[in-house]
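Throughout, read-outs are computed from the coordinates displayed, never taken from laboratory work. It should be emphasised that the depicted structure is a prediction, and the values quoted were computed from it without experimental measurement. Using ideal geometry, Cβ is built from the backbone for each residue, glycine included, and neighbour counts are taken over all protein chains shown.
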Amino acid sequence: MVGPMSDEERRAGSQRLYTGFVVLVGASAGIMALSGGATLVQTALVTAAGLALGGALMWWLLWIA
């Protein structure tokens with residue numbers, strides 16, 4: 001039988017979830033830029049901005065929770 005998660009396992013799982021969310025937002029921004037005909041440099045800049053905004057959004061969501 002499986003026991004409850006330890007605090008360390010819960011923290012590690014939450015960290016992976018947060019990281020995945022930020023990467024998803026950044027990748028989404030990059031894919032939208034590519035589909036809109038952006039150059040590779042523009043796509044890289046938009047992806048970096050998406051990652052920054054994803055991080056800010058995650059911080060805000062954790063702050064209001």
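Once phi is turned into ³J(HN,Hα) by the Karplus curve 6.51 cos²θ - 1.76 cosθ + 1.60 with θ = phi - 60°, what whole-Hz value does each residue of the stretch 19-30 show in order, with x for glycine and proline?
Taking θ as phi minus 60°, the curve returns 4, x, 5, 5, 5, 4, 5, x, 5, 4, 4, x Hz for the stretch 19-30.
Against the longest principal axis of the chain, how steep is helix 40-64, in degrees 0 to 90 to the nearest 10, with axes from Cα atoms?
With rounding to tens, the tilt is 30 degrees.
For a quick protection proxy, order the peptides 2-11, 38-47 by their average other-Cβ count within 10 Å, most packed first.
Per-residue Cβ counts within 10 Å, averaged per peptide and sorted highest first, yield 38-47, 2-11.
Using Cα pairs under 8 angstrom and six or more residues apart, how large is the relative contact order of the chain, in percent?
35 percent
Given the Cα-Cα distance of residue 48 and residue 7 and 0.36 nm per residue of separation, how much length would full extension add, in nm?
That works out to 11.6 nm of additional length.
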